[in-house]
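Presented below is the structure to which this report refers.
Derivation of every value follows stated rules applied to the coordinates shown; laboratory data play no part. Model, not experiment: these values are computed from the prediction. Note: ideal-geometry Cβ built from the backbone for every residue, glycine included; neighbour counts use all protein chains shown.
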Amino acid sequence: MPEKPEPGMTILVKTVTRLTAWLILLYGIYIVLHGHISPGGGFAGGVIIALSFIHLMLAYGKEVVFRKLSKEMVELMESTGALVFLAIALLGLTTGYFFGNFLPAGEPFNLFSAGTIPLSNIAISFKVWAGLFAVFLALVLLRIDNVGE
Amino acid sequence: MSDPVVLLPCFVAVPLAAAFVNSLLGKRIHWLSDLLGSLTPLILLGLSLLAVQAVRADSVLVYQVGGWKLPIGIAMVMDGLTSFMLVTVNMVTFAIAVYARDYMERYTSKEMFYTLFLLMLAGMNGVIVSGDLFNLFVFLEIAAVASYALVAFGTERHELEAAFKYAVMGTVGSLFILLGIVFLYSVTSTLNMADMGQMLAKQKDTNLILMVSVLFLMGFGLKAALVPFHAWLPDAHPSAPAPISAMLSGVLIKTLGIYALSRIFFNVIGLTPAVSSILMFLGTLSMVVGVLLAIGQRDLKRLLAYSSISQIGYVVLGIGLATPLGILGGLLHLFNHSVFKALLFLNSGALEYATGTRDLEAMGGLRKKMPVTSTTSFVASMSIAGMPPFGGFWSKLLIIMAAVQAGHLGYALWAVIVSVLTLALFARVIKNAFLGNLDDRWQGVREVPAFMQASMMALAFICLVSGTLLIPGIREVFLNQATEIFVKGSDYSILILGNI
């Protein structure tokens, strides 16, 4: 046994994670982009994207994840997602309605169709993955001795 | 912007945009979060005054979100009750936001406070303008979740404990509401409130409506802190920072509790005599229990929290009477209570800011040191106790008169007794905090900063003049339009669906 074990879980978990984390991330992105033509969407895909980061953090410890994605970046993504969603809704006012569809509707069942729905899904997914990951970070980083001073 | 119907989405979009811009930039640009925090409620107050004007011309405005036709799409509705609530909420919120500018300097992460504050405002405005039952629930949750976080804002042990208790009880209440909505959706296959009202009028199965009524009474009763469901309030209100106590007590329990409850019972389900008498009974019970529990308190904010339960009882009694006069009194008391209870919580915050304590027994003689706080606190106390020139007198008088007219002499008697007890309660507050001899350790106490004073003075002024809302000419514009919506009851749906 080494004196100071390196952070994270065993080599088995790390190896498997190295293979699966990207697959989970990719699957999440797939769910987000196909939200308007198949089950899923911004929320479900966003949760899966957040899970890939959480997966990485569980296996490798928080320093590895923070090198790829800082806490400030997560906060930035969360607010940006919400603002982009609101901006799409407000751009709808150009058609006369809040949330109105200002893009061409396109062919049904095509990837590039359904007007503003895919864009809204992407905005929601940013809000959801960043929000969920921020909740996880808050739970991980909060130490009990910071409370009740 | 020629069509006033465009106002409707602004009530949700403006505070949401401000909240997220604030969370994005507030940490780097400090003046921005102060500016957004106070400016947004001011803009919304202006918009709600425009809305009053628009409702006066058109009586009902319906906005179809995304251009989807009713009853399939999501609707936002503006009628007399909506504009009344919007003015109340945004006016009180503006005063509180100005107060918070200086008060919240004592806490860290002030920009986070404003983000949550604006989200809570967005949620409340959303509840008020929503014409869709599920959207109402979503906005209710936005406001409620923001308020759970705000109660815990100090992050000390008792604050976290109170917030946890509030979060658990609030979530249980929300679940009851969601379950009620699920049942209604399963029989009517629609979520639009107007359409649902028409479907339910044809509905023969009264057992289901009874079940849903009980679920909504529990759920919204919990949000409004009516007596059997009030246990979260006396912990949550004192633990929050003073501006948030004022928000919770002043507008949140009214929007999430009373507005949503009465909107659903009057305009969607249709008020039955049974529900009406339950509302009157719960209202009177809250009134009596709240004031009796308040009398023994030493902690000023806890005393005010119990007194909120008692005053909410008046509002529910007035609305539960379901006569035009009773509803008028209930709504006016809702407005008055928003103003004077917000002011009293801001006063308690000012006392805590200056002296560092909320213990009534420890204070005394602060009148000379804090003239603005003591004067405004006196005005608010007299208003809540129902002294004649102040607003609270007129609304209590109307409620008691309406109870007598409707033949509920017992309830009227209780309302008078509780009013006397409230006077005794607040006489004690004034005596303990402001009169008497100044203790040596308060020699160094100074009056609070200017913005806090300005906000308290503005609210005190509204307390003084709110009786004028009853003067013919002003009453038609503001209160009568709101009362009409209740009186119309189930005809509300025809009004909305006929308006597209």
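Working note: Karplus 6.51/-1.76/1.60 with θ = phi - 60° gives the range B:387-400 the couplings 7, x, x, 8, x, x, 4, 5, 5, 5, 4, 4, 5, 5 Hz, where Gly and Pro are set to x. In order along the range B:101-111, phi translates into HN-Hα couplings of 3, 8, 4, 6, 4, 6, 9, 7, 6, 5, 5 Hz, rounded to whole numbers, per the Karplus curve 6.51 cos²θ - 1.76 cosθ + 1.60 with θ = phi - 60° and x for Gly and Pro.
Restricting the trypsin sites (Lys or Arg not before Pro) of the range B:408-478 to loop positions (DSSP other than H, G, I, E, B) with no more than 16 neighbouring Cβ atoms within 10 Å leaves B:ARG446, B:ARG475. About its Cα centre, the dipole of the range B:151-231 is roughly 200 debye, where the only charges are +1 on Lys and Arg Cβ and -1 on Asp and Glu Cβ. The aspartates and glutamates whose alpha-carbon is closer than 16 Å to the alpha-carbon of B:LYS202, local same-chain residues fewer than 8 away aside, are B:ASP491.
Looking at the range B:1-60, the trypsin sites (Lys or Arg not before Pro) that sit in a DSSP loop and have at most 13 other Cβ atoms within 10 Å of their own Cβ are B:ARG28. Our coupling estimate for the range B:411-428, obtained by passing each phi through the Karplus curve with A = 6.51, B = -1.76, C = 1.60 and θ = phi - 60°, is 4, 4, 4, 4, 4, 5, 4, 5, 4, 5, 4, 5, 4, 4, 4, 7, 4, 5 Hz, Gly and Pro reported as x. Kindly state, to the nearest 0.05, the FRET efficiency for B:ASN207 paired with B:PHE281, given R0 = 22 Å and r defined as their beta-carbon distance. It comes out at approximately 0.50. Rounded to the nearest 10 degrees, the inclination of helix A:42-60 to the longest alpha-carbon principal axis of chain A is 10 degrees. Of the trypsin sites (Lys or Arg not before Pro) in the range B:64-136, the ones in a loop by DSSP (not H, G, I, E or B) with at most 16 other beta carbons within 10 Å are B:LYS69.
Dividing the summed -39500 (n - 2.57) terms of all DSSP H runs of n ≥ 4 by the residue count of chain A sets its mean residue ellipticity at 222 nm at -22000 deg cm²/dmol. Peptide packing for B:487-497, A:51-61 was compared via the average number of neighbouring C-beta atoms within 10 Å per residue; ordered from the highest value, the list is A:51-61, B:487-497.
For peptide B:17-24, the mean count of partner chain Cβ atoms within 10 Å of a residue's Cβ comes to 5.
The mean number of partner chain beta-carbon atoms within 10 angstrom of a residue's beta-carbon across peptide B:59-72 is 2. Against chain A, whose longest principal axis is taken from its Cα atoms, helix A:117-141 shows a tilt of about 20°. Normalised by the number of residues in the range A:16-144, the mean separation of alpha-carbon contacts (under 8 Å, six or more apart) gives a relative contact order of 32 percent. Taking 18 Å as the straight-line reach from the Cα of B:LYS488, the aspartates and glutamates in range (excluding those fewer than 8 positions away in the same chain) are B:ASP58, B:ASP79, B:ASP195, B:GLU476. Could you state the angle between the C-alpha long axis of helix B:371-385 and the longest principal axis of the C-alpha atoms of chain B, as a value from 0 to 90 degrees rounded to the nearest 10? Tilt of helix B:371-385: around 40 degrees.
Take each residue in A:65-78, count the other chain C-beta atoms within 10 Å of its C-beta, and the mean is 1.
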